[in-house]
Amino acid sequence: MTQMRDGFQSRIGFVLAAAGAAVGLGNIWGFPTQAANHGGGAFLLVYFIVIFLLALPALYTELYLGHKAQANPVKALASAWQHKEKKIGAAAGYIGLAGAIVMLSFYSIVAGWMLSYAIEPVASFLGFNALSSFLQSDSMLRNFVFTPLMVLLTASIILKGVKSGIETWSRRLMPILLILLIGLIVYIATLDGAAEGFAAYLVPDFSQILDPNLIIAAMGQAFFSLSLGVGCMMIYGSYLKPNANLPKLTISVALLDTAVAFLAGLLIIPAIYVAQHNGVEVFNNGKLIGEGQLIFAILPALFNTMGEIGLLVGLLFFVLMSIASVTSTISSTEIPVAFLVENHEVNRTKATWIVSAVVFLSASIIIVNFDWLFGLVIMVFTQYQLPLMGLFYFITLGWMFKRGSKLHETAHGAHYWFAQYIRFVCPILMTLVFANVAFG
């Protein structure tokens with residue numbers, strides 16, 4: 001028996017959920033590092049431009065495919081590639097499905113680290129020094145404690161469905177994330193060294209704006225920060241009501257995601273300069289020390305220089321990071337869950353536990369082979385799958401989708417030119433992003 005499809009009940013619920021899917025570690029972890037290493041204000045300016053040149057059309061494309069099909073990515077892409085080519089679309093859907101599982105596997109591990117570091121200040125404040133050391137360690141045991149916790153936390157939300165689970169929790173978590181982010185910015189702004197960080201971030205060096213490396217880096221970051229290419233936005237688009245105003249919703253999600261990325265830079269980059277002012281080494285040969293060391297070495301070292309208030313700041317920061325992790329894991333988990341429910345008529349409870357078990361098994365394989373497998377998985381996923389799937393979505397909507405291919409014929413004025421932009425310009429821009437991240 002076909003199960004009745006759940007869906008978003010309000011515009012704000014969808015916007016917060018979709019923005020939550022996009023607002024992940026890429027925004028709060030990756031974006032500030034890219035900005036710090038590519039000219040600060042110059043990168044920020046170019047990033048804003050390419051959000052609208054590439055990421056906004058890509059977001060619309062993915063939402064459109066899901067919304068028109070009212071189905072999970074496997075079904076949506078199969079229906080878009082009609083007749084004999086249907087298998088091509090379905091195959092791409094399965095690749096996206098596998099990518100969602102892979103992403104969840106390493107993302108759950110990293111999310112577990114965030115949760116561990118969020119608990120550490122409490123252990124330190126209570127004098128549990130052995131526990132504090134364990135929570136900051138790189139041990140396999142710590143990974144096997146906190147990874148399943150994040151998987152279970154995600155499952156507990158997915159079990160309740162779209163309206164009662166994803167939408168309800170997104171409406172709770174996203175405002176908390178924004179409050180924490182703004183509160184931490186205000187506090188960091190009061191510390192010595194922060195003014196230099198604000199200047200580096202907000203004042204562009206116009207001589208760097210035309211640097212090809214900066215432009216391509218901004219294009220890649222804009223695409224990845226919106227969580228595009230894995231099907232998250234396609235499945236969320238499928239849960240919208242048929243009469244939803246898709247262009248308006250697309251702009252709302254992009255603006256909220258971009259605002260969070262901007263605020264993240266407004267927090268992290270001044271914090272880097274505060275850390276440098278306090279004697280923490282943050283730059284190496286003019287480049288910011290690697291992303292992992294930024295989050296798990298530089299910032300904790302900064303918090304340690306603040307005394308007891310540093311425990312509270314560290315707690316709030318890693319709670320912020322944990323929330324950003326969860327809002328992303330729930331969207332990725334929904335992809336395979338929806339596939340099992342719709343394509344194989346498995347009930348949501350059973351589907352959620354099956355997906356959670358597969359994710360934990362996959363994550364366990366990565367943990368056991370961490371030294372060589374973790375980096376490889378991230379590289380293959382971010383450098384190859386995401387940009388190639390984004391390119392595939394553009395081709396699907398612009399050239400293969402029956403309704404999409406007629407878009408340029410039926411549209412008029414600005415709509416006509418936007419359709420041509422998706423068909424011709426976006427695939428070229430996406431190819432440039434792929435060429436840079438894969439070979440550059």
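The values are calculated or read from the model by the stated rules, or taken from the named source; none is laboratory data. All figures in this text were calculated on a predicted structure; none of them were measured in a lab. With ideal geometry, Cβ positions are generated from the backbone for all residues, glycine too; neighbour counts draw on all protein chains shown.
Just one of the numbered conditions (1) within 27 Å of Ile179 (Cα to Cα); (2) modelled with pLDDT of 95 or more is not true of Gly292; which one? The single condition Gly292 does not satisfy is (2). Entry remark, region 29-56: residues being within 19 Å of Phe283 (Cα to Cα) and of a type outside the set (Gly, Ala, Ser) number 8 in total. Restricted to region 13-55, and to residues that are out of contact with any Ser or Thr (no Cβ under 9 Å at 6 or more places or on another chain) and within 25 Å of Glu167 (Cα to Cα), which residue is surrounded by the fewest Cβ atoms within 10 Å (Cβ to Cβ)? The qualifying residue surrounded by the fewest Cβ atoms within 10 Å (Cβ to Cβ) is Trp29.
Would you point out which residue out of Ile309, Ile395, Ile378, Ile367 is at pLDDT 95 or above, among the aliphatic types (A, V, I, L, M) and either in a helix (DSSP H, G or I) or over 26 Å from Pro175 (Cα atoms) (or both)? Ile367 is the lone residue from the list that is at pLDDT 95 or above, among the aliphatic types (A, V, I, L, M) and either in a helix (DSSP H, G or I) or over 26 Å from Pro175 (Cα atoms) (or both). Considering each residue of region 28-59, count those that are hydroxyl-bearing (Ser, Thr, Tyr) and in contact with a Leu (Cβ under 7 Å, 6 or more places away or on another chain), and give that number. Adding up the residues that qualify gives 1. Considering region 200-238, and only residues there that are among the hydroxyl-bearing types (Ser, Thr, Tyr) and not in a loop (DSSP other than H, G, I, E, B), the residue that is farthest from Asn72 (Cα to Cα) turns out to be Ser207.
Close Cβ contacts (under 9 Å, 6 or more residues apart or on different chains) running from residues in region 172-187 that are farther than 19 Å from Gly310 by Cβ to residues that are outside any helix (DSSP H, G or I) comprise Met174/Val23; Leu177/Val23.
Across region 245-281, the qualifying residues are those that are in contact with a helix residue (DSSP H, G or I) (Cβ under 7 Å, 6 or more places away or on another chain) and assigned to a loop (DSSP other than H, G, I, E, B), and the one among them that is surrounded by the fewest Cβ atoms within 10 Å (Cβ to Cβ) is Asn278. The residue of region 144-171 that is nearest to Val319 (Cα to Cα), among those that are of a type in the set (Gly, Ala, Ser) and free of Cβ contacts under 8 Å to residues at least 60 places away in the same chain, is Ser156. Using the structure shown, decide if Ala92 is touching a residue at least 12 places away in the same chain (Cβ under 8 Å) and within 23 Å of Ile428 (Cα to Cα). So Ala92 passes the test. Exactly one residue among Gly93, Gly112, Gly99 is under 18 Å from Val145 (Cβ atoms) and touching a helix residue (DSSP H, G or I) at 6+ places or on another chain (Cβ under 7 Å), and that residue is Gly112.
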